[in-house]
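J.: Below is a structure I'd like to ask you about.
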Amino acid sequence: MSKKYIFLLLLSLIGGVLLTALYYFGFIRFNYPSLKTYPIRGIDVSHHQGSIDWSKLKTEKISFVFIKATEGNDFVDPKFLSNWNNARKHGLAVGAYHFFTFCSSASDQANNFIKTVPKVKGSLPAVIDIEFIGSCKHQPSINEYQTSVQIFINLVKNHYAQEPIIYSTYESYKGYLDTLFVRSPLWMRDIYSKPSLGNRRQWLFWQYSNRGRINGINAYVDLNVFKKDLKSFKSLLSK
């Protein structure tokens, strides 16, 4: 093996390690959505982001924020109310999300969300976050999925008078949302490329990074864009 070959091999390995580190620590990512194509941008946060300096977010061209409110039938995010009030105070469009679990009653989960999240004018629709992770990794049958999610959607929609948004990964989409809840707005997670869904299904929000870095937040934060224009975005807000 020649010295030149060894040198190139080492250089390649070092480059690979460096790129991996830059990606891991949030300095580079796979997706860079065009600001011209997606001018309406936002983040989603929970207690994992710690204390947020909301005044610094003004430099980041952030228009909206989805805030974790609840999980399951009894958990309330300890930072929810603080994040909700501060985001609204700083002029951001605000919405709340619930991490759904198939190990708890859908009606109990909806009640947990409703008693936690204020019903106020100008809010984004509630979000039901469906992933097969967390403390309950149970993967439901199609019937169980459809029945449980429909109960939650009905209760939340009736309370807030808005159609809830479904947040989904590909794992919880395929075999479920590709045929179910076809009229529900979708918020898709794809940190590698623009979401591509079957059956001509459209997404409304796109979470394009889970390791974003922005002013005002010392931890990693999820980055999102809205697919349509400002008029469409404003039409989502509660009256």
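Please treat every number below as a calculation from the coordinates, not as lab data. Keep in mind the model is a prediction, meaning the values are calculated, not measured. Using ideal geometry, Cβ is built from the backbone for each residue, glycine included, and neighbour counts are taken over all protein chains shown.
J.: Lysine pairs in the range 187-239 8 or more apart or on different chains: how many have alpha carbons under 21 angstrom apart?
T.: Lysine pairs, 8 or more places apart or on different chains, close enough: 4.
J.: What whole number of Å gives the distance from the Cα centroid of the range 102-138 to the Cα centroid of the range 187-234?
T.: After rounding, the separation between the Cα centres reads 20 Å.
J.: Arrange the following residues from fewest to most other Cβ atoms within 10 Å of their Cβ: H98, H48, H90, H138.
T.: Lowest count first: H138, H48, H90, H98.
J.: Let me ask another. Set Lys and Arg Cβ to +1 and Asp and Glu Cβ to -1, take the dipole of the chain about its Cα centre, and tell me which of A110, G175, F205 lies farthest positive.
T.: The residue sitting most towards the positive pole is F205.
J.: Another question, if that's okay. Would you calculate the separation in nanometres between label points at N210 and K121, each defined as 7 Å from the Cα along the Cα-to-beta-carbon direction?
T.: Using points 7 Å along Cα→Cβ, the separation is 3.9 nm.
J.: Quick one: which residues, 5 or more positions from D44 or on another chain, have an amide H under 5 Å from its amide H? H modelled 1.01 Å from N in the peptide plane, none for Pro or chain starts.
T.: Hits under the 5 Å cutoff: F66, D222.
J.: Among the trypsin sites (Lys or Arg not before Pro) in the range 60-101, which ones are in a DSSP loop with at most 13 other Cβ atoms within 10 Å of the Cβ? Mind listing them?
T.: K61
J.: Related question: Filter the chymotrypsin sites (Phe, Trp or Tyr not before Pro) in the range 172-222 down to the DSSP loop ones having no more than 13 other Cβ atoms within 10 Å, then list what survives.
T.: Hits after loop and neighbour filter: Y192.
J.: For the chain, give the magnitude of the charge dipole about the Cα centre (Cβ charges: +1 Lys/Arg, -1 Asp/Glu; no others), in debye to the nearest 20.
T.: 1060
J.: What ³J(HN,Hα) values, in whole Hz, does the Karplus curve 6.51 cos²θ - 1.76 cosθ + 1.60 give for the range 171-186 when θ = phi - 60°, with x put for Gly and Pro?
T.: After applying 6.51 cos²θ - 1.76 cosθ + 1.60, I find 4, 8, 8, 5, x, 10, 6, 5, 10, 9, 6, 5, 9, 6, x, 10 Hz.
J.: Using only Cα atoms, what Kirkwood radius does the chain have, in angstroms?
T.: Hydrodynamic radius (Kirkwood, Cα pairs) of the chain is 19.1 Å.
J.: Turning to a different aspect of this structure: Have a look at the range 98-142 and give its Rg and Dmax from the Cα atoms, expressed in angstrom.
T.: 12.3, 37
J.: Output the DSSP H helices from the chain with an along-axis C-alpha extent of no less than 20 Å and a mean Kyte-Doolittle hydropathy no less than 1.0.
T.: Qualifying helices, which must be both long enough and hydrophobic enough, are 3-24.
J.: Now for a separate question. Please list, in order along the range 124-140, the HN-Hα scalar couplings obtained from phi with the Karplus expression 6.51 cos²θ - 1.76 cosθ + 1.60 (θ = phi - 60°), rounded to whole Hz, x for Gly and Pro.
T.: Per residue, the Karplus-derived 3J(HN,Hα) values read 6, x, 4, 10, 9, 8, 10, 9, 9, 9, x, 5, 10, 9, 4, 9, x Hz.
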